[in-house]
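Report on one structure; see the data block that follows.
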Amino acid sequence: MTSETITAAAAGTWQLGDLPVNRLGFGSMRLTHLADGSPSDRERVTGVLRRAVELGVNHIDTAAFYFSPLRSANELINRALAPYADDLVITTKVGPGRGPDGEWWWAEPGQLRGQVEENLRQLGRDHLDVVNLRVPRRETTGSIAEHFGALADLRTAGLIRHLGISNALPDHLAEARAIAPVVCVQNPYGIGSPAEDHAFLDACGEQGIAFVPFFAIAGAGKEAGATAEDGPEVSALAKAHGVSTAQLRLAWTLSRGPHVLAIPGTGNPDHLVENVAAGSVRLTAEEVALLNAL
(Lines give C-alpha, C1' and ligand atoms only; values in the text may rest on other atoms or scores of the structure.)
Protein backbone atom coordinates (compact mmCIF):
# COMPACT_ATOMS: atom_id res chain seq x y z
CA MET A 1 0.00 0.00 0.00
CA THR A 2 1.32 3.46 -0.94
CA SER A 3 0.15 5.31 2.16
CA GLU A 4 1.41 8.74 1.09
CA THR A 5 -1.14 9.06 -1.70
CA ILE A 6 -4.15 8.04 0.41
CA THR A 7 -6.30 10.70 2.06
CA ALA A 8 -9.05 10.53 4.68
CA ALA A 9 -11.64 10.72 1.90
CA ALA A 10 -10.90 7.04 1.12
CA ALA A 11 -12.85 6.08 4.25
CA GLY A 12 -16.07 7.69 2.98
CA THR A 13 -18.16 10.37 4.66
CA TRP A 14 -20.91 10.79 7.23
CA GLN A 15 -23.06 13.71 8.37
CA LEU A 16 -22.80 14.81 12.00
CA GLY A 17 -26.10 16.64 11.94
CA ASP A 18 -25.56 19.08 9.08
CA LEU A 19 -21.77 18.75 9.20
CA PRO A 20 -20.18 16.36 6.66
CA VAL A 21 -17.00 14.66 7.84
CA ASN A 22 -14.63 12.06 6.47
CA ARG A 23 -15.08 8.88 8.50
CA LEU A 24 -11.36 8.72 9.30
CA GLY A 25 -10.72 11.49 11.81
CA PHE A 26 -8.14 12.32 14.47
CA GLY A 27 -8.13 12.08 18.27
CA SER A 28 -6.01 14.62 20.15
CA MET A 29 -5.56 12.82 23.49
CA ARG A 30 -2.01 11.68 22.66
CA LEU A 31 -0.76 15.12 21.57
CA THR A 32 0.14 16.45 24.99
CA HIS A 33 2.66 13.90 26.25
CA LEU A 34 4.76 10.91 25.29
CA ALA A 35 4.11 7.35 26.48
CA ASP A 36 6.52 7.85 29.39
CA GLY A 37 4.62 10.96 30.53
CA SER A 38 7.20 13.50 29.35
CA PRO A 39 5.98 16.53 27.36
CA SER A 40 5.49 16.15 23.63
CA ASP A 41 7.54 18.20 21.19
CA ARG A 42 5.35 21.20 20.39
CA GLU A 43 6.56 21.68 16.82
CA ARG A 44 6.28 17.98 16.05
CA VAL A 45 2.68 17.62 17.24
CA THR A 46 1.47 20.87 15.68
CA GLY A 47 3.05 19.55 12.47
CA VAL A 48 1.07 16.32 12.88
CA LEU A 49 -2.16 18.32 13.15
CA ARG A 50 -1.38 20.35 10.03
CA ARG A 51 -0.43 17.20 8.14
CA ALA A 52 -3.69 15.54 9.22
CA VAL A 53 -5.67 18.38 7.66
CA GLU A 54 -3.52 18.17 4.50
CA LEU A 55 -4.43 14.47 4.32
CA GLY A 56 -8.14 15.30 4.36
CA VAL A 57 -8.91 14.84 8.04
CA ASN A 58 -11.77 17.21 8.83
CA HIS A 59 -13.02 15.72 12.14
CA ILE A 60 -10.86 16.28 15.21
CA ASP A 61 -11.82 15.05 18.68
CA THR A 62 -10.53 16.89 21.75
CA ALA A 63 -11.33 17.98 25.31
CA ALA A 64 -10.24 20.72 27.70
CA PHE A 65 -9.14 17.98 30.14
CA TYR A 66 -6.56 16.70 27.63
CA PHE A 67 -3.54 18.44 29.08
CA SER A 68 -0.16 17.73 30.63
CA PRO A 69 1.91 20.12 32.78
CA LEU A 70 3.21 21.91 29.66
CA ARG A 71 0.71 21.11 26.89
CA SER A 72 -3.02 21.55 26.23
CA ALA A 73 -4.58 19.68 23.31
CA ASN A 74 -7.06 22.49 22.64
CA GLU A 75 -4.35 25.12 22.55
CA LEU A 76 -2.15 22.96 20.32
CA ILE A 77 -5.10 22.64 17.91
CA ASN A 78 -5.65 26.40 18.03
CA ARG A 79 -1.98 27.13 17.40
CA ALA A 80 -1.70 24.64 14.55
CA LEU A 81 -4.97 25.14 12.71
CA ALA A 82 -6.48 28.58 13.41
CA PRO A 83 -7.90 30.28 11.47
CA TYR A 84 -9.89 27.10 10.96
CA ALA A 85 -10.96 25.77 7.58
CA ASP A 86 -14.69 26.06 6.96
CA ASP A 87 -15.10 22.29 6.67
CA LEU A 88 -13.16 21.41 9.85
CA VAL A 89 -15.39 19.89 12.55
CA ILE A 90 -14.03 19.93 16.10
CA THR A 91 -15.76 17.68 18.61
CA THR A 92 -15.16 18.05 22.33
CA LYS A 93 -16.56 16.59 25.53
CA VAL A 94 -17.58 17.87 28.94
CA GLY A 95 -18.47 16.36 32.28
CA PRO A 96 -15.03 15.47 33.65
CA GLY A 97 -12.77 18.25 34.81
CA ARG A 98 -9.16 18.40 36.00
CA GLY A 99 -7.63 20.92 38.34
CA PRO A 100 -4.13 22.36 37.78
CA ASP A 101 -2.82 19.55 40.00
CA GLY A 102 -4.33 16.98 37.65
CA GLU A 103 -6.99 15.85 40.14
CA TRP A 104 -10.27 14.77 38.49
CA TRP A 105 -13.74 16.02 39.35
CA TRP A 106 -17.17 15.73 37.73
CA ALA A 107 -19.28 18.71 36.80
CA GLU A 108 -22.71 19.37 38.19
CA PRO A 109 -25.24 20.51 35.56
CA GLY A 110 -24.69 24.16 36.47
CA GLN A 111 -20.94 23.82 35.89
CA LEU A 112 -21.23 22.57 32.30
CA ARG A 113 -21.49 26.07 30.86
CA GLY A 114 -18.11 26.92 32.38
CA GLN A 115 -16.60 23.82 30.77
CA VAL A 116 -18.11 24.74 27.41
CA GLU A 117 -16.76 28.28 27.70
CA GLU A 118 -13.31 26.91 28.62
CA ASN A 119 -13.28 24.90 25.38
CA LEU A 120 -14.42 27.96 23.42
CA ARG A 121 -11.64 30.08 24.91
CA GLN A 122 -8.88 27.52 24.39
CA LEU A 123 -9.94 26.74 20.82
CA GLY A 124 -10.56 30.39 19.95
CA ARG A 125 -14.08 29.78 18.66
CA ASP A 126 -17.46 31.40 19.19
CA HIS A 127 -19.35 28.10 19.13
CA LEU A 128 -18.53 24.39 19.41
CA ASP A 129 -19.44 22.08 16.52
CA VAL A 130 -20.23 19.01 18.64
CA VAL A 131 -20.17 18.56 22.41
CA ASN A 132 -20.38 15.10 23.96
CA LEU A 133 -21.63 14.64 27.50
CA ARG A 134 -19.22 12.12 29.06
CA VAL A 135 -21.03 9.78 31.45
CA PRO A 136 -18.80 9.04 34.47
CA ARG A 137 -18.69 5.24 34.12
CA ARG A 138 -20.13 2.87 31.57
CA GLU A 139 -21.64 0.90 34.44
CA THR A 140 -23.70 3.94 35.47
CA THR A 141 -27.35 3.59 34.51
CA GLY A 142 -28.70 6.58 36.39
CA SER A 143 -30.39 9.53 34.72
CA ILE A 144 -28.36 11.97 32.63
CA ALA A 145 -31.40 14.18 31.96
CA GLU A 146 -30.33 17.13 34.09
CA HIS A 147 -26.82 17.26 32.62
CA PHE A 148 -27.95 16.70 29.04
CA GLY A 149 -30.74 19.24 29.48
CA ALA A 150 -28.16 21.85 30.54
CA LEU A 151 -26.23 21.21 27.32
CA ALA A 152 -29.45 21.37 25.30
CA ASP A 153 -30.03 24.85 26.75
CA LEU A 154 -26.53 25.89 25.63
CA ARG A 155 -27.32 24.51 22.17
CA THR A 156 -30.48 26.65 22.08
CA ALA A 157 -28.36 29.64 23.15
CA GLY A 158 -26.02 29.10 20.18
CA LEU A 159 -22.87 28.04 22.04
CA ILE A 160 -23.15 24.48 20.72
CA ARG A 161 -24.23 23.29 17.30
CA HIS A 162 -24.79 19.57 17.93
CA LEU A 163 -24.85 17.21 20.90
CA GLY A 164 -23.57 13.71 21.58
CA ILE A 165 -23.00 11.37 24.51
CA SER A 166 -19.94 9.37 25.55
CA ASN A 167 -19.34 6.28 27.73
CA ALA A 168 -23.05 5.78 27.26
CA LEU A 169 -25.54 2.93 27.45
CA PRO A 170 -28.73 2.48 25.38
CA ASP A 171 -30.93 3.89 28.14
CA HIS A 172 -28.77 7.03 28.23
CA LEU A 173 -29.29 7.48 24.50
CA ALA A 174 -33.05 7.08 24.74
CA GLU A 175 -33.19 9.59 27.61
CA ALA A 176 -31.01 12.12 25.76
CA ARG A 177 -32.97 11.84 22.51
CA ALA A 178 -36.15 12.69 24.38
CA ILE A 179 -34.53 16.02 25.31
CA ALA A 180 -32.64 17.08 22.16
CA PRO A 181 -31.24 15.55 18.95
CA VAL A 182 -28.15 13.34 19.41
CA VAL A 183 -25.72 13.15 16.47
CA CYS A 184 -23.14 10.75 17.91
CA VAL A 185 -22.31 8.18 20.57
CA GLN A 186 -18.63 8.01 21.51
CA ASN A 187 -17.76 4.79 23.34
CA PRO A 188 -14.80 2.46 23.84
CA TYR A 189 -15.02 -0.22 21.17
CA GLY A 190 -12.76 -2.49 19.18
CA ILE A 191 -12.02 -6.06 18.18
CA GLY A 192 -12.93 -8.25 21.14
CA SER A 193 -15.70 -6.00 22.47
CA PRO A 194 -18.65 -7.86 24.04
CA ALA A 195 -21.85 -8.66 22.16
CA GLU A 196 -23.84 -5.87 23.81
CA ASP A 197 -21.39 -3.30 22.42
CA HIS A 198 -21.82 -4.68 18.90
CA ALA A 199 -25.59 -4.48 19.36
CA PHE A 200 -25.44 -0.86 20.57
CA LEU A 201 -23.29 0.10 17.57
CA ASP A 202 -25.86 -1.48 15.24
CA ALA A 203 -28.74 0.23 17.06
CA CYS A 204 -27.09 3.63 16.61
CA GLY A 205 -26.89 2.97 12.87
CA GLU A 206 -30.58 2.08 12.74
CA GLN A 207 -31.32 5.46 14.37
CA GLY A 208 -29.03 7.38 12.00
CA ILE A 209 -26.61 8.26 14.81
CA ALA A 210 -22.84 8.16 14.34
CA PHE A 211 -20.94 5.68 16.49
CA VAL A 212 -17.45 6.97 17.28
CA PRO A 213 -15.21 4.35 18.92
CA PHE A 214 -12.23 5.27 21.03
CA PHE A 215 -9.49 2.77 21.90
CA ALA A 216 -10.19 1.14 18.50
CA ILE A 217 -6.45 0.43 18.14
CA ALA A 218 -5.45 0.30 21.81
CA GLY A 219 -8.16 -2.18 22.78
CA ALA A 220 -7.58 -3.44 26.34
CA GLY A 221 -4.48 -1.22 26.57
CA LYS A 222 -6.78 1.83 26.75
CA GLU A 223 -4.86 5.04 27.63
CA ALA A 224 -1.57 3.15 27.69
CA GLY A 225 -1.90 2.38 23.98
CA ALA A 226 -1.89 -0.80 21.96
CA THR A 227 -0.42 -3.93 23.45
CA ALA A 228 1.69 -6.41 21.51
CA GLU A 229 -0.88 -9.16 22.06
CA ASP A 230 -2.66 -9.29 18.72
CA GLY A 231 -4.13 -12.73 18.20
CA PRO A 232 -3.20 -14.96 15.27
CA GLU A 233 -6.38 -14.07 13.33
CA VAL A 234 -5.62 -10.33 13.47
CA SER A 235 -1.95 -10.85 12.59
CA ALA A 236 -2.74 -13.21 9.70
CA LEU A 237 -5.35 -10.91 8.15
CA ALA A 238 -3.06 -7.88 8.50
CA LYS A 239 -0.30 -9.77 6.70
CA ALA A 240 -2.71 -10.88 3.97
CA HIS A 241 -3.70 -7.25 3.32
CA GLY A 242 -0.13 -5.95 3.59
CA VAL A 243 -0.96 -3.66 6.50
CA SER A 244 -0.08 -3.37 10.18
CA THR A 245 -2.35 -4.82 12.85
CA ALA A 246 -3.22 -1.25 13.89
CA GLN A 247 -4.36 -0.51 10.34
CA LEU A 248 -6.38 -3.72 10.27
CA ARG A 249 -8.12 -2.78 13.52
CA LEU A 250 -9.06 0.60 12.05
CA ALA A 251 -10.27 -1.00 8.80
CA TRP A 252 -12.45 -3.41 10.76
CA THR A 253 -13.83 -0.53 12.85
CA LEU A 254 -14.89 1.34 9.71
CA SER A 255 -16.32 -1.85 8.19
CA ARG A 256 -18.87 -2.13 11.01
CA GLY A 257 -21.21 0.34 9.32
CA PRO A 258 -21.33 3.55 7.29
CA HIS A 259 -22.23 5.42 10.50
CA VAL A 260 -19.02 4.38 12.27
CA LEU A 261 -16.30 7.02 12.50
CA ALA A 262 -12.69 6.43 13.59
CA ILE A 263 -10.62 8.91 15.63
CA PRO A 264 -7.17 7.34 16.05
CA GLY A 265 -4.70 9.63 17.78
CA THR A 266 -0.95 9.92 17.50
CA GLY A 267 1.89 12.39 17.89
CA ASN A 268 3.94 10.50 15.30
CA PRO A 269 3.74 11.76 11.69
CA ASP A 270 4.46 8.30 10.25
CA HIS A 271 1.71 6.70 12.31
CA LEU A 272 -0.64 9.45 11.16
CA VAL A 273 -0.06 8.57 7.50
CA GLU A 274 -0.59 4.87 8.26
CA ASN A 275 -3.80 5.55 10.19
CA VAL A 276 -5.26 7.63 7.36
CA ALA A 277 -4.28 4.98 4.82
CA ALA A 278 -6.25 2.38 6.80
CA GLY A 279 -9.41 4.05 5.50
CA SER A 280 -8.71 2.53 2.07
CA VAL A 281 -8.47 -1.10 3.32
CA ARG A 282 -11.51 -3.14 2.32
CA LEU A 283 -12.29 -6.34 4.21
CA THR A 284 -14.52 -9.10 2.85
CA ALA A 285 -17.75 -10.02 4.63
CA GLU A 286 -16.09 -13.25 5.77
CA GLU A 287 -13.11 -11.39 7.23
CA VAL A 288 -15.36 -8.94 9.05
CA ALA A 289 -17.40 -11.83 10.49
CA LEU A 290 -14.24 -13.59 11.64
CA LEU A 291 -13.04 -10.50 13.48
CA ASN A 292 -16.51 -9.81 14.90
CA ALA A 293 -16.44 -13.20 16.59
CA LEU A 294 -13.12 -12.68 18.39
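The values are calculated or read from the model by the stated rules, or taken from the named source; none is laboratory data. Here the structure is a predicted model, which means the values were calculated and not measured. Here the Cβ positions follow ideal geometry from the backbone for every residue, glycine too, while neighbour counts run over all protein chains shown. Surface accessibility is based on the protein's heavy atoms, side chains included, excluding ligands, DNA and RNA. Shrake-Rupley method; radii C 1.70, N 1.55, O 1.52, S 1.80 Å.
If you count only protein heavy atoms and use a 1.4 Å probe, how large is the accessible surface of TYR66, to the nearest 10 Å²?
The accessible area comes out at roughly 30 Å².
Not counting the cut sites, what is the longest span of the chain without GluC sites (Glu not before Pro) that DSSP labels loop and that have at most 10 other Cβ atoms within 10 Å?
Looking at the chain, 1-102 is the longest stretch - no exposed GluC sites (Glu not before Pro) with at most 10 other Cβ atoms within 10 Å.
If each of ARG51 and LEU70 carries a label point 7 Å out from its Cα toward its Cβ, how far apart are those two points in nm?
Going by the 7 Å Cα→Cβ label model, 2.1 nm.
Which distance in Å, rounded to a whole number, links the C-alpha centroids of the stretch 40-116 and the stretch 234-294?
If you average the Cα positions of each part, the centres end up 25 Å apart.
What percentages make up the Cα-Cα pair-distance distribution of the chain when the bins are 10 Å wide from 0?
Whole-percent P(r) values from 0 Å outward: 6, 30, 38, 22, 4, 0.
If you roll a 1.4 Å probe over the chain with all protein chains in place, what percent of the accessible area is carbon or sulfur? Mind showing how you got there, number by number?
On the way: 6640 of 12640 Å².
Carbon and sulfur together cover 53 percent of it.
What percent do you get for the relative contact order of the stretch 24-158 when only Cα pairs under 8 Å and 6+ apart count?
After rounding, I find 22 percent.
Taking the Cα centre of each part, how many Å lie between the stretch 181-215 and the stretch 10-38?
16
With every protein chain kept in the model, how would you rank SER143, SER235, SER40 by accessible area, 1.4 Å probe, largest at the top?
If we order SER143, SER235, SER40 from most to least accessible, we get SER143, SER235, SER40.
Working from the pairwise distances between different alpha carbons, so that the mean of 1/r is found and then inverted, what is the stretch 1-137's Kirkwood radius in Å?
15.8
With the other protein chains left in place, how much accessible area per residue, in square angstrom, belongs to the chain at a 1.4 angstrom probe?
43
Under the Karplus relation 6.51 cos²θ - 1.76 cosθ + 1.60, θ = phi - 60°, what is the ordered set of whole-Hz ³J(HN,Hα) values for the stretch 203-214, x standing for Gly and Pro?
Karplus-based 3J(HN,Hα) across the stretch 203-214 equals 5, 4, x, 5, 9, x, 10, 5, 10, 10, x, 10 Hz.
Return a whole-number percent for the relative contact order of the stretch 148-294, with Cα pairs under 8 Å and 6 or more residues apart as the contact set.
20
Amide H to amide H, which residues 5 or more places from HIS162 or on other chains are under 5 Å from it, using H placed in the peptide plane?
Residues meeting the amide H criterion: VAL130, VAL131.
Per residue of the stretch 86-95, what does 6.51 cos²θ - 1.76 cosθ + 1.60 with θ = phi - 60° give for ³J(HN,Hα)? Whole Hz please, x for Gly and Pro, Karplus curve as stated.
Values, residue by residue: 4, 8, 7, 10, 10, 9, 10, 9, 9, x Hz.
Over the chain, what is the relative contact order in percent, taking alpha-carbon pairs closer than 8 angstrom and at least six residues apart? Before the final figure, lay out the partial values.
Values: 559 pairs, mean separation 60.1, N = 294.
Computed over the chain, the figure is 20 percent.
For VAL57, list long-range residues whose amide hydrogen, built 1.01 Å from N in the peptide plane, is under 5 Å from its own amide hydrogen.
Sorted by chain and number, the residues that satisfy this are ALA8.
Would you mind checking which residues have amide H under 5 Å from ASN187's amide H? H placed 1.01 Å from N; only 5 or more apart, or other chain.
ASN167, VAL212, PHE214
Between ARG98 and ALA236, what length in nm is gained on full extension when 0.36 nm per residue of separation is reduced by their alpha carbon distance? Before the final figure, lay out the partial values.
Working: separation 138, 0.36 × 138 = 49.68 nm, distance 4.16 nm.
My answer for the length gained is 45.5 nm.
Viscosity 1.567 mPa s, temperature 4 °C: what is the translational diffusion coefficient of the stretch 141-294 from Stokes-Einstein with a Kirkwood Rh over Cα pairs, rounded to a whole number of µm²/s?
Taking Rh from Cα pairs, D becomes 78 µm²/s.
Looking at the stretch 49-180, what % of its DSSP beta bridges pair antiparallel, to the nearest 5?
Bridges in the stretch 49-180 that DSSP calls antiparallel: roughly 25 percent.
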